[in-house]
Structures are given as C-alpha cells and as structure tokens.
Amino acid sequence: MSFFRIENVAKTFGEHQALQSFSIDLPKGQFLAIVGESGSGKSTLLRIMAGLEVQDLGEVWLGDLQILNPKQKLVSGYDQIKLIHQDYHLYPNSTVEENISRPLLSFDQSYRKKRVESLLKLLKLDALRTRFPRELSGGQQQKVAIAKAMSVEPDVLLLDEPFSSLDPIQTHELMGELKLIFQASGTTVILVTHDLDHALGLTDNLLILKKGKVVQKGNSKSLCTAPKSEYVARLFSPINALSGEKKSFIRPSDVKLRTSRGELAHVIDSRFLVHYNSLQIKIKETQAIWEADDPQRRFQVGDRVYVSWEEEKILRF
C-alpha cells in the first residue's frame, strides 16, 4: 500500500538539471537506499522530500498529506519527515540528553522524559547523556542526530550520506546498530550515499541515480547480475572489456585462471585482499590490462596464466 510517494519531481539550478521526472512509491516501514555519484541530485532530492526545497515540477505525498515546499508553506518542513544532515546539526552547548529533548520542548514533560529515556536506551547513548557533542566521536554524534530526529516519532527518516565523515571501523559498527534500530522502529527510511557498500550494509533495496535520473532499481543480486548500463555494473566491481565484442564485459570474479587452455596472459601486479588476491594481468594478444580475482592465491607477479570465462557471465549493454 502506498505510504510515501514522489511524483514526477524535477529541479534545475540555472542550466543544470538536478532532477529529471523522479518518482518513487514506498510502503510504510520500507528502507530504500539511493546510490549515486556526487552531483547526481541526491541531497536536493532529500530536501524536496522533506519540504525544505522548492521543486520546479512534481509533488510529494505522505499518505493523504501533500508535502508543501517553502513557497507554499510559511514554516518549511514537517515533524512527520525528518532529514538528518551530513554535519549532524547538533547544539554544541547542549548535552546529548538536551539535544535529543530539544524538539520535544512543547510536549508534555512526562512524555518528553519517557521518550528521551527510550531513545537513549535504543541508541545505546545512556552512558553519554551528560556529554557535549565535542566530547563525542563521529559515530556517537551521528547516533545523537538520529535520536534527535526520531524524538518526535516521524513517519519518514531521510539520511544524507550518514557515514561520510566516519572511518571504516566506525562505519561498520554504526551500520550494524542502525540496521537493527530501524527494523525495530518500523520507520520508513531513505538513505542517500555515493558508496554502494554503505547502502548494502543497511538494505538490499536499491535505486541508482545518475545526473538526476533513475537508471535502475532493484535488489543487489538483480543489479549486479543484470545491470542495464556500464555505470550500474561498475558500481559493484571493475569490469574488463572483451575484445571483438562491442560493449561486452566480464567481471574480475568471473575470470577463470588456469595453467593451460585459454587466452594467454601474464600477471603484472598482485594485491592481497581478505578473501582473495586481486591480480592485474596483461592479455598477450591485445595487450589489454585486466583485473582478475585469485581466491586460491596461486599466481605471482610474472606468472603465465590462461584466462577463460563462461558465456552466461558476459555483461552486454
């Protein structure tokens, strides 16, 4: 059943087309990750969803409520839809507890206290309640920003590059926590990010945005195995161009490495990764440089290898 929908939204800045006829329709409680490169219109889209940016065309609806933009509404924004910014927007001279409580100042005191306590517990911030933002790590500040946004029990949470300022360890830890928190809350969540790994750490429901236009939507398996463009294919891994076949490619993980039978190549570089060695190989006939995965770590720089692949693994566009 439709809960949060965006209908044919478009936005330009001067001659730059930030969004082109963008539409989605989400049921209540769904988590969607929108993945796109810098400048693809992701942050502009979130601001329009939250009623904080004026679109040129299109409408935003939350159930039967039309989300009005700043030209249509005296005070922009809605408590039902909360945008969590990249820089957190915390009050620097207020404690963790006070930051979470701020949006609830007009609420009944007993409800405010109960709601803040439940969020401190849910996001594991209880031990940090008296600290100021400057005394917190980036991951802790992000959790406070999320708790602050969740304090008024919004129907929709919008996250703008939530891990952009965190290191890999903080990101991994926070992703695991947030996935459980959002599942427990039942809140509809939309995340935008340039990093596919960040998206996949939280949801398998993906939408790929390029230059303000939806290029593909689906789960990770369908997007990886049946990408509709080179752009989508390259989000998941490098791809090797096949000689003699226009716009045909093979992934490094689908390249078979043998000591005989196949196209002759030489290993020119090898990188140790957690689950396999990542090889750079030079195809003798074409002199093309390919990447290939070596899960058994059999081959070294300078080795001769023969490469092959299965027909059904070829990506064609």
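No value in this document is a laboratory result; all are computed from the given coordinates. Worth saying up front: this structure is predicted, and the values here are computed from it rather than measured. Cβ placement follows ideal geometry from the backbone for every residue including glycine, while neighbour counts extend to all protein chains displayed.
Relative to one another, the C-alpha centroids of region 68-102 and region 208-244 are positioned 35 Å apart.
Taking other Cβ atoms within 10 Å as a rough exposure proxy, L242, L273, L223 sort from fewest to most as L273, L242, L223. In the chain, the longest principal axis of the Cα atoms and the axis of helix 168-185 are about 50 degrees apart.
Once backbone amide H atoms are built at 1.01 Å from N, K210 has V215 as its partners under 5 Å, excluding neighbours fewer than 5 places away on the same chain. Could you give the angle, 0 to 90 degrees to the nearest 10, between helix 138-150's Cα long axis and the longest principal axis of the Cα atoms of the chain? Helix 138-150 sits at roughly 50 degrees to that axis. Sorted largest first, the spans of the alpha carbon positions of the chain along the three principal axes are 76, 46, 36 Å.
Amide H contacts of F4 (H built 1.01 Å from N, in plane; Pro and chain starts excluded): L26, G63 sit under 5 Å, all sequence-distant by 5 or more or on other chains. Listed by chain and number, the aspartates and glutamates whose C-alpha is less than 20 Å from the C-alpha of K71, apart from same-chain residues fewer than 8 away, are E7, E53, D56, E59, D79. Name the most mobile residue of L196, L65, L136, meaning the one with the largest mean-square fluctuation, in a Gaussian network model of the chain with Cα contacts below 10 Å. Of L196, L65, L136, the Gaussian network model singles out L65 as fluctuating most.
Listed by chain and number, the lysines placed with their C-alpha closer than 16 angstrom to that of K114 are K124, K148; residues fewer than eight positions away on the same chain are left out.
Can you give the helix-only mean residue ellipticity at 222 nm for the chain, where every DSSP H stretch with n ≥ 4 adds -39500 (n - 2.57) and the sum goes over all residues, rounded to the nearest 500 deg cm²/dmol?
-7000 deg cm²/dmol
DSSP finds beta bridges in region 4-225, and of those with both partners inside it, around 55 percent are antiparallel.
The tail of the calculated P(r) for region 237-316, taken as Cα-Cα distances beyond 19 Å, holds 28 percent of the pairs. Taken over region 1-134, the convex hull of the Cα atoms encloses 165 Å³ per residue. Computed from Cα atoms alone, the Kirkwood hydrodynamic radius reported for region 56-176 is 15.6 Å. Other residues within the sphere of radius under 12 Å centred on the Cβ of R5, judged by their own Cβ, net out at -3 (K and R +1, D and E -1).
Of the chymotrypsin sites (Phe, Trp or Tyr not before Pro) found in region 274-309, no site is in coil according to DSSP while having at most 12 other Cβ atoms within 10 Å of its Cβ.
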